[in-house]
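Data first, discussion second: the structure below is written as structure tokens.
The values are calculated or read from the model by the stated rules, or taken from the named source; none is laboratory data. Treat the numbers as computed from the prediction; the structure is a model and nothing was measured. So basically every Cβ, Gly included, is an ideal-geometry build from the backbone, and we count neighbours across all protein chains shown.
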Amino acid sequence: MTIEPSIVQLQAEVPPDLAGLRLDQAAATIWADFSRSRLTAMIRAGELTVDGEKVKPNRRMDGGEQLDLNARLEPHRQQDEPEPIALEICYEDDAVLVINKPPGLVVHPGSGNATGTLVNALLHHDPALAPLPRAGLVHRLDKDTSGCLVIARTSRAHRVLVARLKARDIHRHYQAVVWGRMIAGDTVDAPLGRHPVDRRRQVVRPDGRDAVTHYRIHQHLTSSTWIDVKLETGRTHQIRVHLAHAGFPLIGDPMYGRAGSPAGLSETQRNAWRAFPRQALHAVKLEFEHPIESGRAISVEAPLPADFAGLVRVLSD
């Protein structure tokens, strides 16, 4: 099978919270669909420029620089290997694929996860995805977050969907279970950036990138609340950080959650909390316009996974 090359054209401004990072590091944060090694190769080839100039990958960023990426994508020489990993497909046509990602599945290969990822599974499902960034992934979910993910199957579809995501025209709906009894829904409008010491974490910081999360009550549970969440922006760990910032951390969140359970749980409920293996977050619904067929609306839902539904059931007693 012959895989045609793909053309990608992207622009971005380096946000203030990435100041001090090397160009290749900053670019990998901004365009996380590309691996850092691939971006480094683009920088060296002059396909990724800073304020219109070709620079070296180790150029330190001040913040505010204009990055322009214009590249002809060929499959990697060391392309991620296709693997026969089962996919639950919620929607599929020639341009778009939407899957229901199970909890525990890493989205793309990286440090400590060279194989067994969603990208490996996608390349097995459709080898023509190989030239596309991250095998066509338009956005990501954390390893332990389940639910809907959209994948572009052509370079044109990828360009359109990435642009619509940036323009906030792809509507992402989640459900979560948080500690605490909410009185009413609300909106968290708080900029996010990297933790100044622990680079794995995100924190609310005034010089961060704008981030907006809307939430409302779905059902009150014992010492907790089942909520509906809608993202207006899509920053790393956004829902997890914003809800913790609002005083309602996700049950099971190892990074932003609380160490112990609140008072009021029965022994059965306490055991269910201890046994729950991840943050209680599920991407339940995606709504967007088809990237090729103008005016055609797509709405896809992913049912609650068994562990999430079981947690809700126990906490409802």
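Under the condition of being without any contact (Cβ under 8 Å) to a residue 24 or more places away in the chain and of a type in the set (Val, Ile, Thr), which residue from segment 173-198 is surrounded by the most Cβ atoms within 10 Å (Cβ to Cβ)? Result: ILE183. Here GLY257, GLY310 are screened, and the one residue that is more than 26 Å from ALA157 (Cα to Cα), touching a Pro at 6+ places or on another chain (Cβ under 6 Å) and surrounded by fewer than 22 Cβ atoms within 10 Å (Cβ to Cβ) is GLY257. Would you say LEU149 is within 26 Å of LEU10 (Cα to Cα), under 13 Å from the mean Cα position of the chain (by Cα) and part of a loop (DSSP other than H, G, I, E, B)? No.
From the list ALA283, ALA263, ALA275, which one is out of contact with any strand residue (DSSP E or B) (no Cβ under 8 Å at 6 or more places or on another chain) and at pLDDT 90 or above? Give the derivation first.
Values: ALA283 fails: out of contact with any strand residue (DSSP E or B) (no Cβ under 8 Å at 6 or more places or on another chain); ALA263 fails: at pLDDT 90 or above.
Every option except ALA275 fails the conditions.
Yes or no, residue by residue, for (1) part of a strand (DSSP E or B); (2) more than 17 Å from the chain's Cα centre (by Cα):
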position: PRO131; (1), (2): no, yes
position: HIS139; (1), (2): no, no
position: ALA163; (1), (2): no, no
position: ARG168; (1), (2): no, no
position: TYR174; (1), (2): yes, no
position: VAL177; (1), (2): yes, yes
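Looking only at residues of segment 14-57 that are among the charged types (D, E, K, R) and at pLDDT 90 or above, we find that the one that is nearest to PRO109 (Cα to Cα) is ASP24. Is it the case that some residue within segment 84-94 is in contact with a helix residue (DSSP H, G or I) (Cβ under 7 Å, 6 or more places away or on another chain), surrounded by 24 or more Cβ atoms within 10 Å (Cβ to Cβ) and not in a strand (DSSP E or B)? Within segment 84-94, not a single residue is in contact with a helix residue (DSSP H, G or I) (Cβ under 7 Å, 6 or more places away or on another chain), surrounded by 24 or more Cβ atoms within 10 Å (Cβ to Cβ) and not in a strand (DSSP E or B). Scan segment 231-254 for residues that are loosely packed, with under 15 Cβ neighbours inside 10 Å, of a type in the set (Gly, Ala, Ser) and under 19 Å from the mean Cα position of the chain (by Cα) and the total you get is 0.
Of all residues in segment 239-257, those satisfying the criterion of being touching a residue at least 24 places away in the same chain (Cβ under 8 Å), of a type outside the set (Val, Ile, Thr) and not in a loop (DSSP other than H, G, I, E, B) are ARG240, HIS242, LEU243, HIS245, LEU250.
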